[in-house]
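Have a look at the structure below before the remarks.
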Amino acid sequence: MHICIIAPEQFPVPGDGSVEICIWAIARRLAERHKVTIVSRKVPGLPAAIILEQVRIIRLPASTPAHYLTSVLEYIQKESFDIIQVDNRPHLMSAVKKQLPHIPVFLFLHSLTFTPGTDKVA
């Protein structure tokens, strides 16, 4: 199975952010049995594409969240994935699912920061 994990646009993977640390740990574990591609943001000093510990990392332009969204949608359209996991960005997950309705797309929320209407405690 070819699994794609789409990281948020804020920090590169691997990285020091909690979401990025989690993505990296999950990807390495999944890569023991599956083909795994992480899509992350491009930053100076890191290669645009690399394979680390059997995980392919693709880093895309992300000057703004909208730019990253466009970069991600262009990239995934050219690839073939069996399943896509989007981390912590509900709007990105929605756009990915709209573009690729035939592929299972999952949202992995690490917090409620990016979900509307969750600012009140029940």
Two decimals, Cα atoms only, Kirkwood Rh: what is Rg/Rh over the stretch 13-69?
0.98
Residue-wise HN-Hα coupling along the stretch 68-81, computed from phi with Karplus coefficients 6.51, -1.76, 1.60 (Hz; x: Gly, Pro):
4, 4, 4, 4, 5, 4, 5, 5, 5, 5, 8, 9, 10, 10
Can you list the residues, at least 5 places off or on another chain, whose amide H is less than 5 Å from the amide H of V86, using H built in the peptide plane?
I6, F106, L107, F108
Can you give the calculated 222 nm mean residue ellipticity of the chain, where each DSSP H run of n ≥ 4 adds -39,500 (n - 2.57) and the sum is split over every residue, rounded to the nearest 500 deg cm²/dmol?
-9500 deg cm²/dmol
Over its Cα atoms, what ratio of radius of gyration to 2.2 N^0.38 Å does the chain give?
1.02
Largest first, how would H2, H91 line up by accessible area (1.4 Å probe)?
H91, H2
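For Q54, what charge total do you get from the other residues with a beta carbon under 13 Å from its beta carbon, if Lys and Arg give +1 and Asp and Glu give -1?
Net charge in that neighbourhood comes out at +3.
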Using θ = phi - 60° and the Karplus form 6.51 cos²θ - 1.76 cosθ + 1.60, what ³J(HN,Hα) does each residue of the stretch 4-9 get, whole Hz, x for Gly and Pro?
10, 10, 9, 7, x, 7
With x for Gly and Pro, the residue-by-residue ³J(HN,Hα) of the stretch 84-101, computed from phi through the Karplus equation 6.51 cos²θ - 1.76 cosθ + 1.60 at θ = phi - 60° and given in whole Hz, is 10, 10, 10, 9, 6, 9, x, 5, 5, 4, 4, 5, 5, 5, 5, 6, 10, x
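The values are calculated or read from the model by the stated rules, or taken from the named source; none is laboratory data. Because the structure is a prediction, the values reported are computed rather than measured. A quick note on method: Cβ atoms are made from the backbone with ideal geometry, for glycine too, and the neighbour counts reach across all protein chains shown. Accessible surface is based on the protein model in full, side chains and every heavy atom, while ligands, DNA and RNA are left aside. Shrake-Rupley method; radii C 1.70, N 1.55, O 1.52, S 1.80 Å.
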